[in-house]
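The values are calculated or read from the model by the stated rules, or taken from the named source; none is laboratory data. Note that the structure is predicted; figures quoted are calculated from it, not measured. Every residue, glycine among them, receives a Cβ derived from its backbone with ideal geometry; neighbour counts consider all protein chains shown. All accessible areas refer to the heavy atoms of the entire protein, side chains included, with ligands and DNA or RNA removed. Shrake-Rupley method; radii C 1.70, N 1.55, O 1.52, S 1.80 Å.
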Amino acid sequence: MIVISDVDYFIGPVKILDGVNLELPKGGISALIGPNGAGKSTLLSLIARLMPLQAGTITVDDLTVGACPNNTLARRLAILPQASDAAPLLTVRELVGFGRYPYHKGRPTPDDHAKVEDALEAFGLVPFADRRLDTLSGGQRQRAQVAMTYAQDTGYILLDEPLNNLDIAASRSLMRVLRELAAAHDRTIVIVLHDINYAAAYADLIVAMKGGKIVAKGTPDEIVTEDILKEVFDTDPKVHRIDGKVMIEV
Amino acid sequence: MIRVTLILTLALLAVLSLFVGVADLSPSALFYDRAALDLLWTSRGPRTVAVIITGGTLAVSGTIMQMIVRNRFVEPMTAGTGQGAALGILLVTVFMPSMPILMKMGIASAVALATSVIFLVIVNRLPPTQPMLVSLVGMIYGGILGACVLFFAYQADLLQYIDIWMNGEFSGVLQGRYELLWIAAAVGILSYLAADQFAIVGMGRTVSTNLGLNYTQVVIIGLLSIAIVTALTVVTVGMIPFVGLVVPNIVSRLSGDNLRATLPLTAVSGAALVLASDILGRVLRYPYEIPVGSVFGVLGAVVFLWLLYAPRRHV
Ligand SMILES: Nc1ncnc2c1ncn2[C@@H]1O[C@H](COP(=O)(O)OP(=O)(O)O)[C@@H](O)[C@H]1O
Ligand SMILES: [Mg+2]
């Protein structure tokens, strides 16, 4: 379980996060939704100790973020930050291989190699395995990044807008892999999504943020309603329920 | 494949280097001529070894610096590390001339480390979207430090030393006067143990933290290795620019940035290119020598341009 207590975050005089209290359960997929600038990436970065906490505490199971050794957390929790353009000059296999670093520290074992092949397989990257990242499309590169995060083999996986750049087939296949991971391998996935329909279809829990605050938290059924969407996003799409599934009109 | 070719090339160049020079030396003479053996042992051998170590370690240092700064257009010799080393050795020569040589080296390395850290601090304040700015600032910074060195040397009446430190060449290398370079070789090999760490640092602070790496610690280890190698080179043979810039760029273009796989390539390529330059410098205006830096500048630029314009392989 990830427990976030009384977290504030300032950049200069601007309050980016405002008294965030949130519990994310172990297991399953939790989706973070909210308008641009709501503070989703900031919150994710704080959980993953990419930035130091200014106020409040965050714990991941028994580990206190910021106090526990960096490398211990790296084997418990992995993050894929929001995509950047700079592609390192590595092949897909090499990149995914770096996901194993927390375990082998520079001396990979056969087990590490096996885990890498496993990750390449799971994300359909075998045909590209020896291609360099700078020769791939944005979507293929994104998939390689997710595979690296997967290879890190952590109980908690944080993904910041991983569906950016992905076509519908790749998006669905990624969400299915994540659901499979959560269901069969007992992983906890926290994912920032912009497409509410994906959140509704795949998440067990949806957390809505706005202006640095948590404004709603619940199952897709509870959160994806016209009222809440209007409050969070200031726009009013129609919500349909078809065969027990919620879907919004775009 | 590429590895075997490179190593064979280097071996060939090394043999060539032993038998090319002002004094005549033929392989067969070694069997009956005591003087020939002496020449090999005291001069040609040490010179060849010095060139190989210098070329290899400078190329590796260039790679490490480029990973730390996350910019392809910087190298220690022009971005302040080399000038810092010269400043350090100048200071000890003036103020503590009787200090043992190893301590002198320690101080030169420490000053080189300090000037490199300052460079990194300056670079971190530059906008990341302008890579050329970093290289420009590096050159200006190195230039200013170089001017300081020159000024102090002038004041202390030590200009003749400056020439030795600032313009690298290998003609002065003799047995007994290059052995410090073995320390540089050891440092270069030790830094290979951290190849994965440097590669991860090259992907940025976020990736490093996520993978549980102590980013600051790896940066400091990298800078330390760069500073020691640079200081030893500057004091023993003098500054040799561009090796740390051109060789890492050639290698990463051809083989990427997985340093565990590529650092050995970088070292061997650096050694081979500098050795080729040194041999050329010896024969082009025979019996005079052209400084290795000048030859390398031309040779390195040609190889690099050829790479830039050669059709791109999809690997
Ligand atoms: N480096 C920065 N300097 C100033 N403001 C920033 C910086 N990074 C983020 N912000 C601000 O913090 C707020 C939250 O950003 P972020 O967490 O990235 O939002 P989200 O991921 O929900 O779109 C935004 O209003 C953004 O403008
Ligand atoms: Mg964001």
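Structure data summary
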{"item": "Average beta-carbon neighbours from other chains, 10 Å sphere, peptide B:259-268", "result": "1"}
{"item": "Estimated FRET transfer efficiency when R0 is 41 angstrom, pair A:Ser5-A:Asp221 (beta carbons, to 0.05)", "result": "0.90"}
{"item": "Shielding by partners - mean other protein chain Cβ count within 10 Å, residues of B:207-219", "result": "6"}
{"item": "Eligible lysines near A:Lys213 by straight Cα distance, threshold 28 Å, same-chain separation 8 or greater", "result": "A:Lys15, A:Lys26, A:Lys40, A:Lys230, A:Lys238, A:Lys245"}
{"item": "Pair A:Ala55, A:Lys230: separation of 7 Å Cα→Cβ label points (nm)", "result": "3.3 nm"}
{"item": "Chain A: relative contact order in percent, alpha carbon pairs under 8 Å with at least 6 residues between", "result": "26 percent"}
{"item": "Solvent-accessible area per residue for the protein assembly as shown (1.4 angstrom probe, square angstrom)", "result": "45 Å²"}
{"item": "Stokes-Einstein diffusion coefficient of the protein assembly as shown, Kirkwood radius over Cα pairs, 37 °C, 0.692 mPa s, in µm²/s", "result": "125 µm²/s"}
{"item": "Accessible area of chain A belonging to carbon and sulfur atoms, whole % at 1.4 Å probe", "result": "51 percent"}
{"item": "Highest average packing first - B:98-107, B:246-255, B:169-178, Cβ atoms within 10 Å", "result": "B:246-255, B:169-178, B:98-107"}
{"item": "Protection proxy ranking, peptides A:154-165, A:172-183, average beta carbon neighbours within 10 Å, highest first", "result": "A:154-165, A:172-183"}
{"item": "Ellipticity estimate at 222 nm from DSSP helix runs (n ≥ 4, -39,500 (n - 2.57)) divided over chain B, nearest 500", "result": "-24000 deg cm²/dmol"}
{"item": "Neighbourhood charge, 14 Å Cβ-Cβ cut-off, centred on A:Phe233 and excluding it, Lys, Arg +1 and Asp, Glu -1", "result": "-3"}
{"item": "Label-point gap, in nm, between A:Thr135 and B:Leu150 - each point 7 angstrom along Cα→Cβ", "result": "4.6 nm"}
{"item": "Full-extension gain in nm, B:Tyr309 to B:Arg285, via 0.36 nm per residue minus C-alpha separation", "result": "5.6 nm"}
{"item": "Other protein chain Cβ atoms within 10 Å, averaged over every residue that makes up A:96-109", "result": "4"}
{"item": "Solvent accessible area, Å² - B:Leu224, 1.4 Å probe, full protein context", "result": "80 Å²"}
{"item": "Sorted peptide list for B:288-300, A:38-50, B:71-83, criterion being average Cβ within 10 angstrom, highest first", "result": "B:71-83, A:38-50, B:288-300"}
{"item": "Mean separation of Cα contacts under 8 Å (6+ apart) over length of chain B, as relative contact order %", "result": "31 percent"}
{"item": "Helix-only mean residue ellipticity at 222 nm for chain A, each DSSP H run of n ≥ 4 adding -39500 (n - 2.57), per residue, nearest 500", "result": "-9500 deg cm²/dmol"}
{"item": "Exposure of B:Leu158 as accessible area (Å², to 10), given a probe of 1.4 Å and all protein chains", "result": "20 Å²"}
{"item": "Chain pair A, B: total accessible area buried, heavy atoms, 1.4 Å probe, Å²", "result": "2200 Å²"}
{"item": "In nm, spacing of pseudo-spin labels at B:Val302 and A:Cys68 (7 Å Cα→C-beta vector)", "result": "5.9 nm"}
{"item": "Chain lengthening between B:Leu8 and B:Arg125 when straightened (0.36 nm per residue, less Cα-Cα)", "result": "37.7 nm"}
{"item": "Gyration tensor (alpha-carbon) shape descriptor, chain A, a/c threshold 1.5", "result": "oblate"}
{"item": "Summed residue charge, Cβ within 12 Å of A:Arg49's Cβ, Lys/Arg positive, Asp/Glu negative", "result": "+2"}
{"item": "The stretch A:86-103 residues near the modelled B:Leu254 label - backbone nitrogen below 19 Å, point 7 Å along Cα→Cβ", "result": "A:89-91"}
{"item": "Residue-count net charge about A:Gln82 - beta-carbon cut-off 10 Å; Lys, Arg +1, Asp, Glu -1", "result": "-1"}
